[in-house]
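Student: Dropping a structure here in C-alpha cells format, bear with me for questions.
Computed from the coordinates by the stated procedures, all read-outs in this text should not be read as laboratory data. Predicted, not measured: the structure shown is a model, and the values here were computed from it. Cβ: placed from backbone, ideal geometry, glycine included. Neighbour counts: every protein chain shown.
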Amino acid sequence: MSLKSVVITGANRGIGLEFVRQLLAAKPAPQHLIATSRQDTNEELDKLRAKHSSLHVLKLEIKNFDSYPQFVQQVEQIVGADGVDTLINNAGILINKDLESVTADQMIENFEVNTVSPLMLTKAFLPLLKVSSATRKTAVVNITSMIGSIEDNTSGGLYPYRTSKTALNMVSKCLAVDLKPSAIKVIAVHPGWVQTDMGGPNAKITTETSVSNMINTIKSVNDSTLGDFVPSSVGHKSAVINITSTLGLMSQSGGGLYPYRTSKAALNMVSKCLSVDLKAVKILVVSLHPGWVRTRMGGPKADIDVLTSVSNMLSTIRGINESVSGKAISYDGNVLSF
Ligand SMILES: NC(=O)c1ccc[n+]([C@@H]2O[C@H](COP(=O)([O-])OP(=O)(O)OC[C@H]3O[C@@H](n4cnc5c(N)ncnc54)[C@H](OP(=O)(O)O)[C@@H]3O)[C@@H](O)[C@H]2O)c1
C-alpha cells in the first residue's frame, strides 16, 4: 500500500491516535493524512497538526450518516487528484453485555457504530478510492477484533460487541468481492489486545506495537488476503522461536554462570544467522526471553509464573514481524539489546 493519502476514523485517542503518530513519523509520511474526531479540539492532535502540515483533523460523528457527503467533499478538497488510497475504519465502541443484561437498543447501537458506519463510509468514499486505485494500490482497512471470530468464541457473552465485529468481518468479505473489479483491496485487521481505554490496562500489547504491526500488515496486503480476517501482523506466516535468556546478553552485567550464559549467547547468534539465511524463504527467527519464571529452573523466587510468561510469549509471537527477525525479544514484546 502506498499510504500516500490516508483517512482514519476515531483518531483522537487509542489505536487511531497511534496510527496518526506513526504514519506522520514514517518515511515517507503520507502526503495527506486525514484524522477524524468528534471533538472540536484535541490536545494531542492539535500539537501534531502544528508540526505537520500534511495532517488534517476533520470533525466526524460516524453515526451521522447524513454528514458523509459533506465530509467526503472536505476530504476531496484536501486530496485533490490523488484520491484516497487507504481508508482505515477504526472508530468503534464496546458494549459489554451478557445474555442476562443485553437489550435490543444496545445491539443496535453497537452495530450502528462498528458495522453499519464502516460500510456506509466505504460507500461514500468509493469515488475517491477509485481515483486512487486507477494508478496505485488502494485498500479499505476495517479494524475488527478476534472477539468477532465465531471459531475462537469459547466464552460467550459480550453480545453487542462480538456480533458487531462478526458482522464487520462479513462486510469486509462482501466488500472485497464487490470491489475487486475496481482494484480496491479490503481487509479486516485484528489489532491484538491493546492497552487503550477500550482494551484496558491489563491488555497484552501497547498501541505502539499494535499499530507498527498493523502498518506492516497493511503494506503487505495482496490478493491472497482480500476480505480476510487478518491477525495483527501476518506479513509472514512462519517463524522459528528460540527460547533464550537475558543471561546470554552481553548488555547484561554479571559474571559467573559460564556454561549457561555462553550457550544462550551462542544461541542468539544462531538465531541471527538463521534469520539472515531464512529471510529469502520468509521465515522469521527470534530469540525469545521468557522472563524469570517460577519453574524448576527459575526457582520459587522468580519474577513471574508460567501462565504470565507463556500467555505473554504467545501474544508476542503473534505480533512478530520482519523488523524483529534476528533480534532478541522479551516475553512482553520489548526488543533486547544483545
Ligand atoms: N483495544 C483493544 O484491545 C482492541 C482489540 C480489538 C479490536 N479493537 C478495535 O480497535 C478500534 C480502536 O479501539 P481503541 O482500543 O483505540 O478504542 P478507544 O480507545 O475506546 O477509542 C475509540 C475511538 O473511536 C471513536 N468513536 C467511538 N464512537 C464514535 C462515534 N460514534 N463517532 C466517531 N468516533 C467514535 C472514539 O472517539 P471519542 O473519543 O469521541 O469517543 C475514539 O477515538 C475499535 O474498532 C476496536 O473495536 C480494539
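Student: Loop-only check: which GluC sites (Glu not before Pro) in region 103-186 are DSSP coil with at most 13 other Cβ within 10 angstrom? Intermediate values should be presented prior to the final figure.
Tutor: Details: sites: 109, 112, 151; in loops: 151.
The qualifying sites are 151.
Student: Shifting gears a bit: Which residue, 24, 48, 163, has the largest displacement toward the positive end of the dipole of the chain when charges sit on each Cβ (Lys, Arg +1; Asp, Glu -1)?
Tutor: Result: 24, furthest along the dipole toward the positive end.
Student: When the helix-only estimate is applied to the chain (DSSP H runs of n ≥ 4, each -39,500 (n - 2.57), divided by the residue count), what is the mean residue ellipticity at 222 nm, nearest 500 deg cm²/dmol?
Tutor: Mean residue ellipticity, 222 nm, calculated: -12000 deg cm²/dmol.
Student: Same structure, new question: Count the net charge of all other residues whose Cβ sits under 14 Å from the Cβ of residue 316, scoring Lys and Arg as +1 and Asp and Glu as -1.
Tutor: So the surrounding residues net to +1.
Student: Let me ask you something else. To check my understanding: the extent here is largest minus smallest coordinate of the Cα atoms along each principal axis. What are those three numbers for region 238-336, in Å, largest first?
Tutor: 42, 29, 19
Student: Sort out for me the Cα centre separation of region 152-225 from region 245-271, rounded to whole Å.
Tutor: 38
Student: Can you find, among 117, 2, 74, the residue farthest towards the positive end of the dipole of the chain? Put +1 on the C-beta of Lys and Arg, -1 on that of Asp and Glu.
Tutor: My answer, from the dipole projection, is 2.
Student: Same structure again: Of the options 257, 247, 278, report the single residue whose Cα projects farthest towards the positive end of the charge dipole of region 238-336 (beta-carbon charges: Lys, Arg +1; Asp, Glu -1).
Tutor: About the Cα centre, the residue reaching furthest to the positive side is 257.
Student: Is there a quick way to get the dipole size of region 241-333? I mean about its Cα centre, with the Cβ of Lys and Arg at +1 and of Asp and Glu at -1; what is the value in debye to the nearest 20?
Tutor: Dipole about the Cα centre, nearest 20: 140 debye.
Student: Over all distinct alpha-carbon pairs, what is the Kirkwood Rh of region 1-102 in angstrom?
Tutor: By the Kirkwood definition, the hydrodynamic radius is 14.4 Å.
Student: Tally the DSSP beta bridges in the chain and give the antiparallel ones as a percent, rounded to 5.
Tutor: Beta bridges within the chain, antiparallel portion: roughly 5 percent.
Student: Please sort 287-298, 245-256 by packing, taking for each peptide the average over its residues of neighbouring beta carbons within 10 angstrom, highest first.
Tutor: Final packing ranking: 287-298, 245-256.
Student: If you don't mind, another one. Once you list every other residue whose beta carbon is under 12 Å from the beta carbon of residue 247, what net charge do they have if Lys and Arg are +1 and Asp and Glu are -1?
Tutor: +2
Student: Given the peptides 202-209, 87-94, arrange them by the average over their residues of other C-beta atoms within 10 Å, most packed first. If you can, show how the numbers build up before the last one.
Tutor: Details: 202-209: 18.2, 87-94: 24.5.
Peptide ranking by packing, descending: 87-94, 202-209.
Student: Something else: In a shell of Cβ-Cβ distance under 13 Å around residue 67, excluding residue 67 itself, what net charge do Lys and Arg (+1) and Asp and Glu (-1) give? List each step's numbers first, then the result.
Tutor: On the way: positive: 38, 59, 63; negative: 61, 66.
Counting the neighbours of residue 67, the net charge comes to +1.
Student: Could you tell me how many cubic angstrom of Cα convex hull volume the chain has per residue?
Tutor: Spread over its residues, the Cα hull of the chain gives 161 Å³ apiece.
Student: Only four residue types carry charge here, +1 at the Cβ of Lys and Arg and -1 at the Cβ of Asp and Glu. Report the dipole size of the chain about the Cα centre in Debye, rounded to the nearest 20.
Tutor: 1180
Student: With springs only between Cα atoms under 10 Å apart, run a GNM on the chain and tell me which of 152, 82, 46 wobbles the most.
Tutor: It is 152.
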